[in-house]
Amino acid sequence: MTESELGKGSLLGGFKLEERIHAGGMATIWRVVRQWDTMPMAMKIPRLKDGDDSSFIVCFEVEQMIMPRLSGRHVPKFIASGDFSMQPFLVMEHLPGKSLDVLMREAPLSPQEIAVIGAKVARALHDIHRQHVIHLDLTPDNILFRKSGEAVLIDFGLSRHEQLPDLMAEEFSLPMGTAPYISPEQVLGIRSDFRSDIFSLGVILYRLTTGEFPFDDPKSMAGLKRRLYLAPVPPRVLNKKCPNWLQEIILKCLEVDSDKRYDSGAQLALALENPCQVILTSRSELDKSDSLWTEFKRWIRYSRSGPSQLRSVARHLDTAPIIMAAVDISPGAEALSDAIRHVVKRIYHGERNARITCVTVRKTRLVGIDLGLDEAGKNLYVQYLTALKQWAQPMELPADRVSFHVLESPDAAMALINYAKSNHAEHIVIGARGSSMLRRFLGSVSSHVVAEAPCSVTVVRLHDTGDSGVTSDGYSGHG
Amino acid sequence: MKTGLFADIHANREALEACLRHAEANQVDDHIFLGDLVGYGADPSWVIDTVMQYHARGAGVILGNHDAAVLSKPELTMVEDARQAIDWTRPRLTDDNMKFLSGLPLSIEKKDRLFVHSSAFKPADWSYVADVHSARKCFGATFSRFIYCGHLHQPLLYHQGSTGKVVQFTPVAGVDIPLGMYRRWLAVIGAVGQPRDSNPAACYAVHDSGKNILTYYRVGYDVTAAARKVRESGLPVWLGDRLERGV
């Protein structure tokens with residue numbers, strides 16, 4: 001049965017076609033059902049006709065190759081695929097929500113809304129990058145949201161799995177992607193830099209902030225190449241309400257040299273979620289477009305150099321981890337928190353691109369009202385934050401490599417675990433106090449964190465003798 | 001069916017044993033030896049005897065340039081170490097070993113698959129498939145959709161789509177690669193017995209014809225023992241050293 005003969009009620013690969021939900025130039029999408037299966041499912045069927053551009057077929061092959069290897073909340077669940085020897089198809093979880101494109105029509109949005117959306121998409125990118133996949137066609141059309149809020153990335157037809165052959169590379173000599181969103185390195189035909197996706201997200205953030213494209217919607221190769229040497233109009237010029245931290249973030253994403261962009265989706269999300277901790281550089285101050293002379297100088301530089309050398313996604317993410325220092329800053333814990341600082345500093349010096357998030361928990365009451373004030377009426381949150389910054393000060397970490405977070409929860413361990421999960425922490429450093437009968441009975445915060453953390457955990461202990469020597473027992477476990 | 005592909009064993013008993021064990025655990029039920037059973041290593045006769053046993057059970061075995069050199073005389077282009085190893089190997093082979101080598105073909109074709117030691121373009125010239133240019137030449141010499149070869153001592157994979165453009169890919173050990181139906185594939189299997197990509201671990205690959213998936217593997221083996229045997233046997237010392245460094 002060919003694609004054109006398929007209709008409502010047709011059976012394909014054990015799935016019954018119920019409703020055609022999209023008919024595009026390259027594929028049709030049907031809502032499908034299967035006996036005994038309650039999951040909402042969508043089937044993508046490529047339009048294959050004689051004389052078609054072979055890119056259609058290759059895009060579909062790429063998607064068939066990559067989808068089964070992706071998992072998690074940020075992609076539709078893969079269900080089945082049909083062979084090219086018969087009628088090819090791809091069945092995935094059906095996500096009924098609207099794409100980001102719908103929201104885009106309401107741009108400019110408020111900075112807070114943009115930060116929330118941007119952080120969600122950045123986390124989704126981080127998740128696929130960790131699975132060795134670069135999307136390479138991140139557009140508002142290709143971003144959906146689950147009811148629970150997480151961003152879901154779809155349409156992996158132009159994507160690259162760094163551990164699999166790049167089928168796209170054999171077909172085309174022109175850059176592949178969507179013109180307004182494509183990164184400078186993709187324009188040059190490079191399909192192996194995961195920070196291309198950070199650039200595309202920068203374009204989305206720019207558009208959400210200003211309602212306009214930073215590099216227009218070029219129709220020619222020369223037009224596409226302009227983004228290699230032309231800086232975009234600073235967002236604040238187009239929208240006076242754009243705060244300087246948001247301009248800083250957007251322009252950092254849009255850097256021509258991918259080395260100057262964020263090191264990972266997780267680090268970008270962290271910046272969007274903590275605007276007051278964004279380090280402002282001259283990017284945030286820009287209030288007019290570049291002069292013709294500056295543009296000319298950039299053009300000369302571009303024609304001489306080209307973009308920087310590229311690195312593997314997973315290997316790069318390994319060297320740009322988020323390291324979470326969980327510190328108890330309450331009185332009496334000084335020796336242990338000193339020891340934690342010692343270990344964190346040692347780890348930081350071995351990981352040049354690491355970002356340290358210093359986290360402490362202010363335990364709130366389980367029952368009753370917690371006003372968040374001390375006896376003198378001072379704000380406890382601010383006190384904790386100040387103490388945390390004081391704790392980190394001796395490490396002398398560069399400001400753009402460290403951030404501070406006070407979590408407020410009645411359950412310290414759960415708060416730390418949830419924070420590590422939602423922020424893609426690669427490594428937690430936490431202290432364990434000496435054992436006591438009560439602690440053995442109740443279970444300590446550190447043992448709870450070790451048991452349930454989504455990443456490696458280093459437990460720092462003081463020697464029994466009471467001196468300040470450190471035993472970092474490298475308690476590593478993947479929960 | 002799962003076919004184990006073994007190239008460039010080069011008389012390295014420890015490496016071959018480790019790969020065969022790994023393949024067995026992988027439920028490989030068909031074996032193809034892509035040439036260069038001997039040369040460089042210290043156990044040529046043991047390796048040929050072992051491969052002969054697999055051959056008797058249906059395995060395909062291809063002639064490599066070092067095997068051919070043992071039968072006649074080394075090629076003029078062969079480096080000095082390799083020539084010395086050939087001269088060292090020849091008297092250590094049994095009559096049965098020599099007879100077996102002399103009966104080996106330059107290539108084997110099975111349905112849409114071609115097995116050859118070096119490029120399919122003039123196989124007796126022993127040219128390398130080492131870049132997209134030589135890969136294109138190799139693709140052009142046959143109609144087979146899948147070509148498997150060795151000779152280079154480093155794992156690579158080439159694919160050619162409808163436009164004719166050839167793309168090179170460096171496979172990642174242990175990752176299943178689906179060999180899509182709409183293109184041709186040329187797999188250069190790394191060396192079992194003398195890897196040269198700075199990774200001393202032995203290399204072999206498995207093609208699962210049911211799922212049409214190719215997987216390259218790297219298998220750790222007792223490199224120290226193999227290298228020591230080379231040095232103690234009177235072969236050029238460098239041939240032992242290079243095993244330990246994977247160069």
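For this structure, a couple of remarks:
- Some residue of segment B:232-243 being assigned to a strand (DSSP E or B), more than 14 Å from chain A (Cβ to nearest Cβ), among the hydrophobic types (A, V, I, L, M, F, W, C) and more than 23 Å from A:Cys59 (Cβ to Cβ): no
- Of residues in segment B:179-204 being crowded, with 17+ Cβ neighbours inside 10 Å and within 14 Å of another protein chain (Cβ to nearest Cβ), the one farthest from B:Ala130 (Cα to Cα): B:Gly180
- Taking each residue of segment B:186-210 that is modelled with pLDDT under 95 and looking for partners that are in a strand (DSSP E or B) with beta-carbon atoms closer than 7 Å, six or more apart or interchain, yields B:Ser209/B:Thr3.
- All of (1) among the acidic types (Asp, Glu); (2) over 19 Å from B:Arg196 (Cβ atoms); (3) in a loop (DSSP other than H, G, I, E, B) hold for B:Asp96 with one exception: (3).
- Taken together, A:Leu158, A:Leu174, A:Leu164 contain a single residue that is more than 9 Å from chain B (Cβ to nearest Cβ) and in contact (Cβ under 8 Å) with a residue 60 or more places away in the chain, which is A:Leu158.
- Boolean, A:Ser220 is modelled with pLDDT of 90 or more and assigned by TED's automatic domain parsing to the domain that holds A:Ile114: no
- Of the residues A:Leu228, A:Leu188, A:Leu238, the single one that is more than 22 Å from the chain's Cα centre (by Cα) and over 22 Å from A:Asp263 (Cα atoms) is A:Leu238.
A quick yes/no check of all residues on (1) assigned to a strand (DSSP E or B); (2) at pLDDT 85 or above; (3) in contact with a Pro (Cβ under 7 Å, 6 or more places away or on another chain):
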| site | (1), (2), (3) |
| --- | --- |
| A:Ser4 | no, no, no |
| A:Gly7 | no, yes, no |
| A:Lys16 | yes, yes, no |
| A:Arg20 | yes, yes, no |
| A:Trp30 | yes, yes, no |
| A:Val33 | yes, yes, no |
| A:Lys44 | yes, yes, no |
| A:Lys49 | no, no, no |
| A:Asp52 | no, no, no |
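- Comparison of A:Glu18, A:Glu63, A:Glu5 shows that the only residue that is of a type in the set (Asp, Glu) and farther than 26 Å from A:Val152 by Cα is A:Glu5.
To keep it simple, each residue is scored yes or no on (1) at pLDDT 95 or above; (2) assigned to a loop (DSSP other than H, G, I, E, B); (3) under 19 Å from the mean Cα position of the chain (by Cα); (4) within 14 Å of another protein chain (Cβ to nearest Cβ).
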position	(1), (2), (3), (4)
A:Gly72	yes, yes, yes, no
A:Ser85	no, yes, no, yes
A:Leu95	no, yes, no, no
A:Lys120	yes, no, yes, no
A:Asp137	yes, yes, yes, no
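- Some residue of segment A:271-281 being small (Gly, Ala, Ser) and under 23 Å from A:Ile134 (Cα atoms): yes
Here is a yes/no grid of residues against (1) within 14 Å of the chain's Cα centre (by Cα); (2) more than 9 Å from chain A (Cβ to nearest Cβ); (3) more than 25 Å from B:Val247 (Cβ to Cβ):
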position	(1), (2), (3)
B:Val129	yes, yes, no
B:Ser134	no, yes, no
B:Arg145	no, yes, yes
B:His151	yes, yes, no
B:Leu156	yes, yes, no
B:Thr163	no, no, yes
B:Val166	no, no, yes
B:Ala173	no, yes, no
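The values are calculated or read from the model by the stated rules, or taken from the named source; none is laboratory data. Predicted model, so just to flag it, every value in this text is computed and none were measured. Don't worry about glycine lacking a Cβ; one is built from the backbone with ideal geometry, like all the others, and counts go over all protein chains shown.
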